[in-house]
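Some notes on the structure that comes next.
The values are calculated or read from the model by the stated rules, or taken from the named source; none is laboratory data. Just so it is clear, the model here is predicted, and its values are computed rather than measured. Don't worry about glycine lacking a Cβ; one is built from the backbone with ideal geometry, like all the others, and counts go over all protein chains shown.
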Amino acid sequence: MGTCEMCGTERVTTLLAEVSGTRLRCCSRCIDSNNMLVLERYVPKQPTIAPTRSQASTANRGQNRPEKEIASDFHLRVRKARVSKGLEQRELAKRINVRLNDIQKIESGIVPSDSMAMKIEKALGIILLVEVEEEMERSVNIPSGRGMTIGDALDEFLNKGE
C-alpha cells in the first residue's frame, strides 16, 4: 500500500507506470484514466516462513553475493529466444519438463519462479535473472505533511505564471 503520485490518494496499491517519459507510482484508477504504460505487474507477496536452523546457516553464506531478480522484459526475452531457435512453445515445455500452460503464462507476462527462470535460461541460452538495481527516490514535502504529487507540482507550475 502506498500513495498515488498522480492524484495523491493514500493507502492504495500502486504500480510503476510511465507517462510522457516519467516513471510514477500510480493507482489503477489514474493508470486507466490516463492510458499510462504499466512498467510492472502486481505480484502478490508470498507468506514468509521462518527458516530452519540449517537454512539459516546456508543463507548466511550467500549474503555477500548480489541479489538477483527477474528482468522486467523477461517475457519478451523468452519469446524472442524461443522463436530464434525455431521452437514451438510445446517443444520448449518438453525440453525443460514443464507444462505448456506454464510457458504460455510466462510469455504473457506472468513472473516465473527463480527455478523456472533458471531452466529457461539454460535451455535457451539467455539471461533472465539480473542484478537488483536500487532505485534512487527523492521525496519533497509540502506543508500538508504528505508527499508532493504531480498534481501539486502542476498547480505550483501554473501558479508561478500568474
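Table for the structure above
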{"quantity": "Single match in 113, 72, 108 (criterion: within 30 Å of residue 10 (Cβ to Cβ), under 15 Å from the mean Cα position of the chain (by Cα) and at pLDDT below 90)", "calculated": "72"}
{"quantity": "The lone exception for residue 26 - which of (1) over 23 Å from residue 128 (Cβ atoms); (2) modelled with pLDDT under 80; (3) among the hydrophobic types (A, V, I, L, M, F, W, C) it fails", "calculated": "(2)"}
{"quantity": "Residues that are surrounded by fewer than 17 Cβ atoms within 10 Å (Cβ to Cβ) and either touching a Lys or Arg at 6+ places or on another chain (Cβ under 6 Å) or part of a helix (DSSP H, G or I) (or both), drawn from region 17-35", "calculated": "28, 29, 32, 33"}
